[in-house]
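The values are calculated or read from the model by the stated rules, or taken from the named source; none is laboratory data. The structure displayed is predicted, hence computed values, not measured ones. Cβ placement follows ideal geometry from the backbone for every residue including glycine, while neighbour counts extend to all protein chains displayed. Note: accessible area is taken over every heavy atom of the protein model, side chains too, but ligands, DNA and RNA are not part of it. Shrake-Rupley method; radii C 1.70, N 1.55, O 1.52, S 1.80 Å.
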Amino acid sequence: MGRQAYDGVVLAAPFTAPYTRFSNETAHWWIARALRGSLQVAGLSPRQIDGFAVASFTLFPDTPVALTQHLGLSPRWLDSVPMGGASGIVALRRAARAVQAGDAEVVACVAGDTNAIDGFRKLLSAFSRFALDASYPYGYGGPNASFALLMDRYMTEYGATRADFGHVAVAQRANALRNPHALMKKPLSHDDYLNARPIAEPIALFDCVMPCAGAEAFLVMTEDRARALGLPYARIRSTIERHNAFADDPVQLRGGWVVDVDELWQMAAMGPEDMDLVQTYDDYPVISVMQFEDLGFCAKGEGATYLRARDLTIGGDLPHNTSGGQLSAGQAGAAGGFIGMVEALRQVTATAGPTQVDAARRALVSGFGMINFDRGVCSAACVLEGGA
Amino acid sequence: MTQPLAPPPKKNPERRTPVPMLPPGTRSRAGLGLALAAGQGRFALQVCTECGAVQYPPRDACHQCLATDLAWRDLPSGGQLLAETTIHASSDPYFRERLPWRAGTVQLDAGPVVLAHIHGDVARGARVRMALMLDRAGQGVLVALPEQETPHMQDDTILRAMGTHPRHRRVLITDARAPEAVALARALLDAGVAQVFMGLAEAWRPFPGRTRLEALDKVSLHRLDVTDAESLTDLAGAIGGKVDILINNARHIRPGGVIGASLTDARDSMEIGALGLMRLAQAFGPGMRARGADGVNSAVAWVNVLPAQALAHDPGFAGAVAAGAAARALSLSLRAELRGGGIRLLHVHAGPMDDEWHQPLPPPKLAPAALARAIVQGLEQGLEEIHAGDVARDLAQRFAENPALLAREMEGGA
C-alpha cells in the first residue's frame, strides 16, 4: 500500500461565523461571512484564492458554480462536497491533493447553511429519495427516530445505558460553557440529561442537536505559503474516507472507519493514545461512542464504559469536542461537518482561546454523514498535527 | 393488548372539525409500486430478475448486480423486530397530531431490513407478520403486526389511523334494490357499523329485499336516485355530514352488443353507472373530503362497484360494460380528488352476478353474499382494488399480464 503522504500541504486560518438559532439570511450570506473571516485571518483577498470547496444543504437552486459568480470568485479548482457530517474531512482530502499536485495554490474550504423558521422541516422533507420512500412516512421523526433505532439496538446489544451516553453530553456542555459562540449557555447536569423529555425513545432532548444557522471555513495551502503569510498551521498526518460500508449489517452498530482504521494510524505513524484531543461527529452521543470504538480507542461495545472512565472536558484526560460540538454549540447544517475540523485546527495551532487544551499538538477529527435511509452512509477521519 | 375502540360521543357542533392532514406523500416512481401492492393487499417487493436479490427501499437498479430489470413479486411476510422507537416529537403536522407513534427496524425473512410502523401488540424483539398497507396519504407503507391475531387488534391506533375499518362508522349504500344490498347491510352490521343509510330510487316500486331491510336494526331507507341531482342534494343536506363510508353499488347491467342493442339501455347504464357516480361525488364528495380527520367516525372510504369486464370490454354486455369503463375512469380521477381529505377510494370489480340479467351465462357466477363479504373485507383491510369472484380475479390477472391479449380474447366472450 503506497499512499502518498500529505507533505508540504497544511491547513490554516480557521474561522467560525457565530451560529444563530434561526436566520433569515441565506446560505450564500453565511458562506460569504465565513469565507471573508478566514481570508481576513490569513490576510488574503478573495482574488488570491484559486480553489474553492463548498458544503451546503440550503444553497438551492444554486450550486458552488453560482456561488463563484455571486461572490466574485474565479477559482481554477471548484468542488461541491455533499457529504454532510463528513464534508470537512472530504473537502480537506481533496483540497490537499489539489494543492500538492499544483492544481491550486490556496483552496478555501467552506461549509455554511441557513435555518429559516420551518427550514429544518423543509430541508428534511426533500433530503433523499430513500428517506422520502422509506423513512419519513413512518412517524416522521427525522434523524432523531433513525438514530433512536440505532441507539436502541446498541443498548440491547452491548448493555450500554442512557447514563453512559449522558456522560458524553454533560462533558460537552461543560466545554460549550467556555465557548462564547455556543448556542447552549446553561449548565447541563447528569440528572437534567436523564430526566429530559423523550423525543424518540431512547433518545431524549439532550441527545439531540439544535438545528441552527452558521458557517465554518479554513484554507488549504502549501506549508511555504503559510509560513510566508506568517500563519499558524496544521499538517495532515493521515486521512481516511469510506461510503456505504457494511451495507449488510441489519442495524448500523459500526461505521466505515472500521474498514480503514488501520490505514489511518499506520499512515499517521501514531495511535489513538497519541492524540491530545478528539473531535467526533456528535449528532448523537451514541454516534460519538461508536467512533471511539471504530477508531481504535477501545473494543466494539466497550465505548460507553471506556468513556465513562475518562474526563472528556477541556481540562480532562481525553478532551472531546472542545467547542461543545454540535450537541451544545449547535448544528449549522453542513457546517456540522466542519465544526470539529475548524476547532481542531484552532487547538493544534494554539489559537482556541477560551477552549484551548493545554499543549495540544495532535488531534483526531472524525466525520459521519448523510442518513440516506436507515444509517449514516459517509465516514471519514483525519489526524492533524500542529506545525512547527 | 389493544383496548377496544369506544363508540364516539355525539359530535359537538361548537367545535371546529379538524382539518384533514396527510402523512408525507411524496414518492419516487419506483416507490409508488408499494402503493399498488398495498392497494391489492399483497406483500410484494422488487426482486432482481437476474440475480434474485430482494430490493428495499425501492430502486431502479439491483444493489447486488446492477441489473435494471426489477419486478414486483409476492414474498414471505415474516420478520423479526430488531429495534424500536416511540416517537414523541415530529415536525410533520400529520404525525404531530398523532404522537406518540411507534416505529421500528424489522429484518424480513425475505432478506431486506426495513423501517416499519409497529402494531401496539408486538412485543420487543418479537417475530412479526408484515403487511403492506395504504396510509392516509394513499401510499404503501410497511406495518409489523403480531404474528398471531390478538383481541381487538383492528382497533390499534396506528391501524385505525391508516385504515378504513367500518366499525363505529356510518355507511350510505346507494342502491337498496341491488342484488347484494341485503347481504351487504348485514355484513356491515356484523363488522360493527353504527348506521346504514340505504338509497332507494322510485320507492313506489316493490322489491323483494324491502321487508328484510326494514327488519334490520340501524338500517334506514332514504329517497336517492343517482340520475336525479335534486334527490342527491336533498339527501346530502340531511345526512351528508354523517356519511363516513359511501358504497356506490348503483349500476344498470343489461345484455346486448353494439349494433343491435337498445340505446335506451345503454343510456340508462351511462346515466346510472357513470354520470350517476359523478352526481354522487358532487353531492357527497365535498362533505366527506372535509371530514377525513373527524375523530373515531371520520369519513374514510368511497366504494365503487364496477363490472369486472370494465378492465376491457364484453360483447355480450357492451353498453353496460362501457358505462362501467367510463365509471372506472371517472373513479380514478375521483380517487385523486378525495385523497386530499384522506378518503380512500375502493374499486370493487364484480364478476357476473347470479341474477336475472346474467341468467343464460354459465357458472361461476358471483353470489350476492360473496360480493357483500368482499366489499366489507376490502374496507376492513383498507384496500383500493379488489376483484370479487372467480371471473373477476381471472380477468384481473389476464389484464395485468397483457391487456391487449385480454381484449382480443374477450371477443369470443370471457
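Here are the numbers for this structure:
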| item | result |
| --- | --- |
| Helical contribution to [θ] at 222 nm, DSSP H n ≥ 4, -39,500 (n - 2.57), averaged over chain A, rounded to 500 | -10500 deg cm²/dmol |
| Antiparallel DSSP beta bridges within the protein assembly as shown, percent to nearest 5 | 60 percent |
| Spacing of the two label points (7 Å from each Cα toward its C-beta) at residue B:409 and residue A:25, in nm | 6.8 nm |
| Whole-angstrom gap from region A:17-74 to region B:5-82, using each part's C-alpha centre | 41 Å |
| Helix axis angle, A:27-42 relative to chain A longest principal axis, alpha carbon, degrees | 60 degrees |
| Estimated dipole of region A:62-165 in Debye, rounded to 20 [Cβ of Lys and Arg +1, of Asp and Glu -1, Cα centre] | 80 debye |
| Alpha-carbon centroids, region B:189-218 and region B:393-414: separation in whole Å | 36 Å |
| C-alpha center-to-center spacing [region B:257-309, region A:163-235] in angstrom | 60 Å |
| Candidate residues A:158, A:140: accessible-area rank, largest first, probe 1.4 Å | A:158, A:140 |
| Placed amide H near residue B:345: partners under 5 Å, 5+ positions off or other chain | B:302 |
| Sites residue A:358 and residue B:99, calculated FRET efficiency, Cβ-Cβ separation with R0 60 Å, nearest 0.05 | 0.80 |
| Cβ-derived FRET efficiency at R0 41 Å, residue A:309 paired with residue B:123, nearest 0.05 | 0.70 |
| Interchain or long-range residues, amide H under 5 Å from residue A:52's placed H | A:77, A:78, A:79, A:108 |
| Charge-dipole axis of region B:32-162 as Lys and Arg at +1 and Asp and Glu at -1 on Cβ define it, positive-most pick from B:86, B:104, B:128 | B:86 |
| Exposure rank, largest accessible area first [A:105, B:385, A:273; 1.4 Å] | A:273, A:105, B:385 |
| Assigned charges on the beta-carbon of Lys, Arg, Asp, Glu; region B:170-410 dipole about Cα centre (debye) | 320 debye |
| Karplus-derived 3J(HN,Hα), 6.51/-1.76/1.60, for each residue of region B:160-177, Hz, glycine and proline x | 5, 5, 8, x, 10, 4, x, 3, 6, 9, 10, 10, 10, 9, 6, 10, 5, 8 |
| Summed side-chain charge close to residue A:26 - residues other than residue A:26 whose Cβ falls under 10 Å, Lys, Arg +1, Asp, Glu -1 | -3 |
| Exposure of residue B:68 as accessible area (Å², to 10), given a probe of 1.4 Å and all protein chains | 110 Å² |
| FRET efficiency for residue B:61 and residue B:400, using Cβ-Cβ distance with R0 set to 22 Å, rounded to 0.05 | 0.40 |
| Separation of the residue A:266 and residue B:211 label points, Cα + 7 Å toward Cβ, nm | 9.3 nm |
| The protein assembly as shown - charge dipole about Cα centre, Lys and Arg +1 at Cβ, Asp and Glu -1, debye rounded to 20 | 1580 debye |
| Kirkwood-type radius of region B:231-330, with distances r between different C-alpha atoms, in Å | 14.4 Å |
| For residue B:353, residues with placed amide H under 5 Å, excluding near neighbours | B:366 |
| Gyration tensor (alpha-carbon) shape descriptor, chain B, a/c threshold 1.5 | oblate |
| Accessible surface, 1.4 Å probe, highest first, among residues B:156, A:62, B:390, A:224 | A:224, B:390, A:62, B:156 |
| Residue (of A:53, A:177, A:372) at the positive-pole extreme of the protein assembly as shown, dipole from beta-carbon charges | A:177 |
| Listed residues A:190, A:324, A:238: farthest to the positive end of the dipole of chain A (Cβ charges) | A:324 |
| ³J(HN,Hα) computed for each position of region A:282-292 - Karplus, 6.51 cos²θ - 1.76 cosθ + 1.60, integer Hz, glycine/proline x | 10, 5, 8, x, 4, 6, 5, 4, 4, 5, 4 |
| Solvent accessible area, Å² - residue B:17, 1.4 Å probe, full protein context | 40 Å² |
| For chain B, built as a Gaussian network whose Cα springs stay under 10 Å, the top-fluctuating residue of B:283, B:261, B:191 | B:261 |
| Label point distance in nm, residue B:228-residue A:299, each placed 7 Å from Cα along Cα→Cβ | 8.4 nm |
| Calculated from backbone phi, Karplus (6.51, -1.76, 1.60) coupling profile of region B:309-321 in Hz, x at Gly/Pro | 5, 4, 5, 9, 6, 8, x, x, 9, 4, x, 5, 6 |
